[in-house]
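The values are calculated or read from the model by the stated rules, or taken from the named source; none is laboratory data. Quantities reported herein were computed from a predicted structural model and do not represent experimental measurements. Reconstructed Cβ throughout: ideal geometry from the backbone, glycine too, with neighbour counts over all protein chains shown. Note: areas computed on protein heavy atoms with side chains; ligands, DNA, RNA excluded. Shrake-Rupley method; radii C 1.70, N 1.55, O 1.52, S 1.80 Å.
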Amino acid sequence: MSGRTRPTAGCDRAGWHSNDLLSGAIAMLSRSIASTILLLAYGFLSLSAASAASAVVVKPSSPWTIDYTEESCALVRIFNDADNKVRLELKQYEPDGLMVVSLTGPLRPRESGFRYAFLPDPALREMGPPAHARLSEGGTLTRFTTASLRTISDTNKFYLQMNTPDGNKEFQRLPIWPAEDRNGRFREITGLVLKKAFAQDLTVLIGSMTSPMAAMDKCLDDLITGWGLDAKIEKNLSRRVAMKTFSSPDPTWPKIQSFLTVLKSSHFRVRFMVEGDGTMTSCQVLGAAKGTPEAAALCKAYQDNARFEGALDSNGTPVPSYFMTDMSILGVAL
C-alpha cells in the first residue's frame, strides 16, 4: 500500500501530515512492543491565553479519516474549542498492537506527573512523561503509547503474565483481544483525558470508537495480508509468536547501540517474520532507519542472538506469523 489518506465511512479526506524526523536524541532503549509503555517522539502543542488553572475541553470539528501507509494505519481527527485546535492521531503498526497517540496544537507541554485515561475509565494510567518536540512551523507535537484502547485491568493482566516460571521475562505480543470485548469497549469510550501533559489539563471528546476502529481493522487486515499472512488465521491464533531469548553479544551489541544514535529518528519498529517452528525468515527495520547500514547491523544482531517460539493456529498447528519489537531513542530535547 502506498501512502494515502482515506476517509472512514461517510467522511471527507484528511488534512496535513507531521514530519517524522527528530533530532536531539541522547540515549537508546530497546524493548518489546508488548512490554513497551513509554514512547518519546516529535511534535506539535503550546498554550492559549486562558488561565493555566482551567482545563481545556475540545470537541470534534472534522470527521475521522484513516491514513494508509506501507507500514501502519492511523485514524486522524481535528478537535477544537474557542481558543485551541488539536489534531489527534491514533496509529497502529499491527492488529491488537500498541497504539501510538499523537496530539498537535497550541498547548504548552509539561515534563512530569503525566497520567491519562480513556473515558469512562474511572482510574488514570500513570507513566513517564510523553515525548514533546517543537516543530519549525510552530507549536509542539506530543506523543505517547497505550495498549490499544484496552482497559487498565486488561493491560495489567497481560503484564502480570509476562514472567516465565523461572523468572525470565518473555518478549511477547499483546494477546488477541476477543471481538465481543473489543466491540463493547469501543462502544463505551467517550473521550481521552490527559493530566499534567500540558500546562492545562486536556480532555478530547472523541466519542464512540466503533466505526473508526472498524475502518482501522480493515486497514490492518490489508497491512498484514501484504506481508503474505492470512488475516483470518492471525485473528484466531491459539498462540502468538514470542521472542524467548535475546542474548546481548559483546562487543557487537554496544556497537549496534552506538549505531542507533545516528539514525535521526526518535522511534521505529523492527518486524520479524517467523515460521511455525520458530525460525526467523526476515527482519525489517521500519521508519526513518529503514534500509540503512545501521538497520542491517541491528537485524544481524537479532538474527544471531534472538530465539523465537512460533505461532499456532486455532487447531494448534504451527503456522507462519510475525513478531514486532519497539526501539526508542530517549532524552529528546525541545
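What to note about this one:
- The heavy atoms of Lys59 offer some 120 square angstrom of accessible surface to a 1.4 angstrom probe.
- Given Lys232/Lys300; Lys218/Lys244; Lys85/Lys290; Lys244/Lys290; Lys85/Lys196, the pairs whose alpha carbons are separated by over 28 Å: Lys232/Lys300; Lys218/Lys244; Lys85/Lys290
- A probe of 1.4 angstrom, applied to the heavy atoms of all protein chains, finds Arg187 with accessible area near 150 square angstrom.
- Heavy-atom SASA rank of Arg307, Arg240, Arg115 (probe 1.4 Å, accessible area, largest first): Arg307, Arg115, Arg240
- Sorting Cys283, Cys73 by solvent-accessible area of protein heavy atoms yields Cys283, Cys73, largest first, with a 1.4 Å probe.
- The listed residues Trp227, Trp64, once ranked by accessible area (1.4 Å probe) with the largest placed first, stand as Trp227, Trp64.
- Extended-chain gain in nm, criterion 0.36 nm per residue less alpha-carbon gap, Asp83 and Ser61: 6.6 nm
- Model label zone, Arg187; criterion: amide N under 14 Å from point 7 Å along Cα-to-beta-carbon; scope the stretch 193-217: 208-211
- Accessible surface of Thr65 - all protein chains present, 1.4 Å probe, nearest 10 Å²: 0 Å²
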